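One structure below.
The values are calculated or read from the model by the stated rules, or taken from the named source; none is laboratory data. All values derive from a computational prediction rather than experimental measurement. Using ideal geometry, Cβ is built from the backbone for each residue, glycine included, and neighbour counts are taken over all protein chains shown. Heads up: the accessible areas ignore ligands, DNA and RNA and are worked out on the full protein's heavy atoms, side chains in. Shrake-Rupley method; radii C 1.70, N 1.55, O 1.52, S 1.80 Å.
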Amino acid sequence: MPTPHPAQLPGNSASAPPSSPRPLGVAMIGYAFMGKAHSNAWRNVASFFDVPAFEQKVLVGRDAKAVADAATRYGWAESATDWRSVLEREDIHIVDICAPGWMHAEIAIAALAAGKHVLVEKPLANTLAEAEAMTAAAQAASGKGVQSMVGFNYRRVPALALARELIAEGRLGTVRHVRAAYLQDWLADETAPMTWRLNKETAGSGALGDIASHAIDQVLFLLGDPVTEVSGRLHTFTPVRPGKHGPEEVTVDDAAWATLSLASGAIASVEVSRVATGQKNSLKLEIYGDKGTILFDLEDLNELGFLDATAPVREQGFRRILVNEPEHPYLDAWWPQGHIIGWEHTFTHEIRDFLTAIRDGNQPSPSFQEGLNVQRILNAIEESAAAKNATIQLVPRAGASAAAPLTDSTAEGA
């Protein structure tokens, strides 16, 4: 068995459903970018990890021909165009939702009600109300042994899993501040065409929900520390883009900035952009403690920078850790030391963790509650931006942790 990942530490466990000799039947809804990434993981996970038997039963999409072609390419036994009828099938036990965000809530709630285990891509939903409804449905289903998880795949980067271990071991001492910047440039060209990702009705938000959700989840994942205050700003640099029938208004943000105050007293700054020319997919994380520092860049995902400030001054300096040893999270399943892995492997790790949680009857992480926590912070950033960078208070419930949802926010100085 692979070394357990920190994200799989036991949480709110539910009773496992009776074991069945039949393989778990998987249905996936959506077959574009994320559908391709998830399909690759489903095809390969059992080749490297000890997971319950499963079958890629059906791929679901709206275009019959396109989804049938994708099913053939991606290894699914069949295709369908009606997800509701798929949920009625007794041979389907897991539903993997890779559809656009505006569809997440309806599909996930229906799937959980039908007794299906649910994996849904991040962010959890397009709106806070949808995320709350999904979390309530997940909590109700968990009492019946039905598992659910939101797909923040960067938790499964071995270097970031190692970073979390080092922080939990106290190697950084007291964490004082964090810098998280997720920068892309696929919208830097103002003539780039309009897509559903630039329409608030379909996407919910722009860079905020798309990539700030990842950055914020990493802050919570690495530190295990709830956010108590938020201030933020959103900006759209290109307000109109060419559409199929002429110019169309962009109704989401191109970039976002936020400052997060954490319960421990640490401060995190978050910057995200889809118009950062020259940055392709760079998630940079810097975690500064009084005894050490960690550096990470997704574009060098096999490496972790670590400075031990407790060493003698003449020996101090950043150490480059190549995270490819069998002792590192997940890597005993892959290649010999030094043979690096890639972005796609994070989804394989995600599917592995989800399947083993179903098998063992453990709550997988990140749960819908953790996804809701991120959603509340995203919502607070939007509130702050609308109120000209006002500070938004997020007060944790009694006994809550970074993994638990927060209460309603209130603005200061709005």
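Miscellaneous remarks
- Every residue from region 277-296 that is within 19 Å of residue 208 (Cα to Cα) and not β-branched (Val, Ile, Thr): 279, 280, 281, 282, 283, 284, 285
- Those strands (runs of 3 or more DSSP E) of region 267-380 in which at least 2 residues are surrounded by 23 or more Cβ atoms within 10 Å (Cβ to Cβ) and β-branched (Val, Ile, Thr), considering only elements entirely within it, cover 267-273.
- Residue in region 120-135 that is closer than 30 Å to residue 303 by Cα and among the hydrophobic types (A, V, I, L, M, F, W, C) present: yes
- Qualifying residue in region 223-238 (condition: touching a Leu at 6+ places or on another chain (Cβ under 7 Å), closer than 30 Å to residue 311 by Cα and acidic (Asp, Glu)): yes
- Scope region 224-247; condition over 23 Å from residue 272 (Cα atoms) and buried (at least 16 other Cβ atoms within 10 Å of the Cβ); matching residues: none
- Members of region 167-182 found to be open to solvent by less than 30 Å² (accessible area, probe 1.4 Å) and within 15 Å of residue 297 (Cβ to Cβ), listed by number: 178, 180, 181, 182
- Inter-residue pairs, beta-carbon under 9 Å, first charged (D, E, K, R) and in region 26-46, second assigned to a strand (DSSP E or B), 6+ apart: 43/56
- The sole residue among 403, 411 that is at pLDDT below 95, open to solvent by 20 Å² or more (accessible area, probe 1.4 Å) and within 17 Å of the chain's Cα centre (by Cα) is 403.
- Summed over region 183-212, the residues that are at pLDDT 95 or above, open to solvent by less than 10 Å² (accessible area, probe 1.4 Å) and under 17 Å from the mean Cα position of the chain (by Cα) give a count of 6.
- The set of residues in region 142-166 being of a type in the set (Lys, Arg) and exposed (fewer than 14 other Cβ atoms within 10 Å of the Cβ) consists of 144 alone.
- Taking every residue in region 259-279 that is within 21 Å of residue 176 (Cα to Cα) and pairing it with any residue that is small (Gly, Ala, Ser) and open to solvent by 30 Å² or more (accessible area, probe 1.4 Å), at least 6 positions away or on another chain, the pairs with Cβ-Cβ distances below 9 Å are 259/269; 260/269.
- Residue match in region 153-171 (condition: over 30 Å from residue 309 (Cα atoms), at pLDDT 95 or above and acidic (Asp, Glu)): no
- Test: residue in region 123-141 that is part of a loop (DSSP other than H, G, I, E, B) and surrounded by fewer than 24 Cβ atoms within 10 Å (Cβ to Cβ): yes
- Counted as qualifying within region 49-105 are the strands (runs of 3 or more DSSP E) with 1 or more residues that are open to solvent by 40 Å² or more (accessible area, probe 1.4 Å) and either modelled with pLDDT under 95 or under 25 Å from residue 124 (Cβ atoms) (or both), namely 54-60.
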